[in-house]
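The values are calculated or read from the model by the stated rules, or taken from the named source; none is laboratory data. Computed from a predicted model, the values in this text were never measured in an experiment. Virtual Cβ from ideal backbone geometry, glycine too; neighbours counted across all protein chains shown. The accessibility values were calculated without ligands, DNA or RNA, using every heavy atom of the protein model including side chains. Shrake-Rupley method; radii C 1.70, N 1.55, O 1.52, S 1.80 Å.
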Amino acid sequence: MLTKDQIAQRISKEVKNGQYINLGIGIPTLVANYIPDDLEVVLQSENGLLGIGPFPTEDQIDPDLINAGKQTVTMAKGSALFNSAESFAMIRGGHVHLTILGAMEVSENGDISNWKIPGKMVKGMGGAMDLVASADNIIVAMQHCSRSGESKLLPDCSLPITGVRCVKKIVTDLAVLEISPKGGFVLLERAPGVSVEEIKDKTAGKLIVEGEVPEMIFE
Amino acid sequence: MINKTVKNAHEAVADIPSNCMLMMGGFGLTGIPENCISALLERAISGLTIVSNNAGVDDFGIGLLLKKRMVKKMISSYVGENAEFERQLLSGELEVDLIPQGTLAERVRAGGAGIPAFFTPAGVGTEVAEGKESREFDGKMYLLESWLKADFSIVKAWKGDTAGNLIFKGTARNFNPMMAAAGKICIAEVEELVEAGKLDPNQIHTPGIYVQRIFQGENYEKRIEQRTVSK
């Protein structure tokens, strides 16, 4: 089973040179730590910053400079600042190449739920609905099962959905999976030491296994 | 140049009535109009509908207005940082309209730009789409969303001049420029107020035409929600 950092590390391999990327809150934020130095990418923060830098040192902290998770950040070289309408123009206009976000559930046709649990306090969708409705390339980072052991990869989402048919790939603590255009989770890679059987057991939606499924490799 | 200057926050918000629609800039606690919020707390008004991306925290920002029961309804995208908000919402004292963040920004922009409605993909197939007209463009579905306008908008900028021109700093810009334009009366509080002509026109983010009142604020606390540092 992968740690949260290993999930982030695996997702970092999906990043390509020259991409503009939006990272969601939680595990997706960690992906920034693993993007190889030889790749030139720009991180977009939907509250109005293109070019997120590392977290500040104590003497660099600026309360006027935060990311979408309200964490203090710095600006990378060549960054740009803008208002919220401009920010979502970039997102809806298809200018962001890769969106990585967390999820509570993903369905086998690529629907995602990550904003609301009925009966619990509703915190709001923030920018998630705009992101999933607009991005061409969405990768979900999440645990394969909930804390109570229920599969989060389902035939249909049981929670209110954030967007329809939008997820392309999922990286969990057990596996890397791709949404088949015809529906179903195509198993691409296994976490080290995790069997196909275990992944099958823990995937409630349709799992598609084609030939030998390789183990992930971590340098 | 028309001089937009008022003395202070108290004078700026003195005529905001109960039951009006109020926009407030800010993302989290960054770029919120701290001085005007303090001045509003001293006014005996209630029944406000506030358009703001967030609802502050329990003891700061819009959270203070909620605590004093001045707010009837919040129109926001994310409100998860506030226990008093949760209590009022669950007890039915407070109404809330949750809107995808980009849709909120664009509805406010449209309000200021005189565009009554637009189509956006955010929320298609979700409960946000309930009761809304949808239409297909180039094979993809979009929802019809309408403009948002307010009786008053209150924004916070870094620098401003007596003509109402504004310059923002960092990610404190966020919703402020669109809200400036979408309020019938826009009140701007700034950290540094200078005479018209002292700001570089090339650097203005919000032209003074959108701003009706401006003053130099004081004692900015600029509270940080998630103080995150590099090791």
The listed residue being part of a loop (DSSP other than H, G, I, E, B) and either more than 9 Å from every other protein chain (Cβ to nearest Cβ) or among the hydroxyl-bearing types (S, T, Y) (or both), out of B:A163, B:A188: B:A163
Residues of segment B:198-218 classified as touching a residue at least 60 places away in the same chain (Cβ under 8 Å) and of a type outside the set (D, E), total: 8
Candidate set: segment B:62-79, residues that are open to solvent by less than 20 Å² (accessible area, probe 1.4 Å) and within 12 Å of chain A (Cβ to nearest Cβ); chosen: the one farthest from B:S38 (Cα to Cα): B:S77
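Criterion first (part of a helix (DSSP H, G or I) and surrounded by fewer than 24 Cβ atoms within 10 Å (Cβ to Cβ)) does B:E106 satisfy it?
No; evaluated as a whole, the condition is false for this residue.
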Filtered residues of segment A:106-127 (kept if open to solvent by 20 Å² or more (accessible area, probe 1.4 Å) and either small (G, A, S) or over 29 Å from A:N47 (Cα atoms) (or both)): A:E108, A:N109, A:G119
Flag if A:L23 is closer than 23 Å to B:Q203 by Cα, crowded, with 20+ Cβ neighbours inside 10 Å and either modelled with pLDDT under 95 or more than 10 Å from chain B (Cβ to nearest Cβ) (or both): no
Residue match in segment A:188-201 (condition: assigned to a helix (DSSP H, G or I), of a type in the set (A, V, I, L, M, F, W, C) and within 14 Å of chain B (Cβ to nearest Cβ)): no
Unique match (being modelled with pLDDT of 95 or more, of a type in the set (A, V, I, L, M), open to solvent by 20 Å² or more (accessible area, probe 1.4 Å) and more than 24 Å from A:L154 (Cβ to Cβ)) among A:V96, A:V41: A:V41
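Is at least one residue of segment A:50-61 under 21 Å from B:E225 (Cβ atoms), surrounded by fewer than 23 Cβ atoms within 10 Å (Cβ to Cβ), among the polar types (S, T, N, Q) and out of contact with any strand residue (DSSP E or B) (no Cβ under 8 Å at 6 or more places or on another chain)?
Yes - at least one qualifying residue is present in segment A:50-61.
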Among residues of segment A:132-150, those that are more than 7 Å from chain B (Cβ to nearest Cβ) and open to solvent by 10 Å² or more (accessible area, probe 1.4 Å), counted: 10
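To keep it simple, each residue is scored yes or no on (1) within 14 Å of chain A (Cβ to nearest Cβ); (2) surrounded by 19 or more Cβ atoms within 10 Å (Cβ to Cβ); (3) acidic (D, E); (4) over 23 Å from A:A68 (Cα atoms).
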{"residue": "B:E130", "(1), (2), (3), (4)": "yes, no, yes, yes"}
{"residue": "B:D151", "(1), (2), (3), (4)": "no, no, yes, yes"}
{"residue": "B:E192", "(1), (2), (3), (4)": "yes, no, yes, yes"}
{"residue": "B:D200", "(1), (2), (3), (4)": "no, no, yes, yes"}
{"residue": "B:Y210", "(1), (2), (3), (4)": "yes, yes, no, yes"}
Which listed residue, of B:A14, B:A9, B:A55, B:A44, is surrounded by 16 or more Cβ atoms within 10 Å (Cβ to Cβ), away from every other protein chain (no Cβ under 14 Å) and of a type in the set (A, V, I, L, M, F, W, C): B:A9
Out of A:A80, A:A68, A:A89, sole residue that is buried (at least 20 other Cβ atoms within 10 Å of the Cβ) and not β-branched (V, I, T): A:A68
Index of the failed condition, B:N82 passing every other in (1) open to solvent by less than 10 Å² (accessible area, probe 1.4 Å); (2) over 17 Å from the mean Cα position of the chain (by Cα); (3) under 26 Å from B:P207 (Cα atoms): (3)
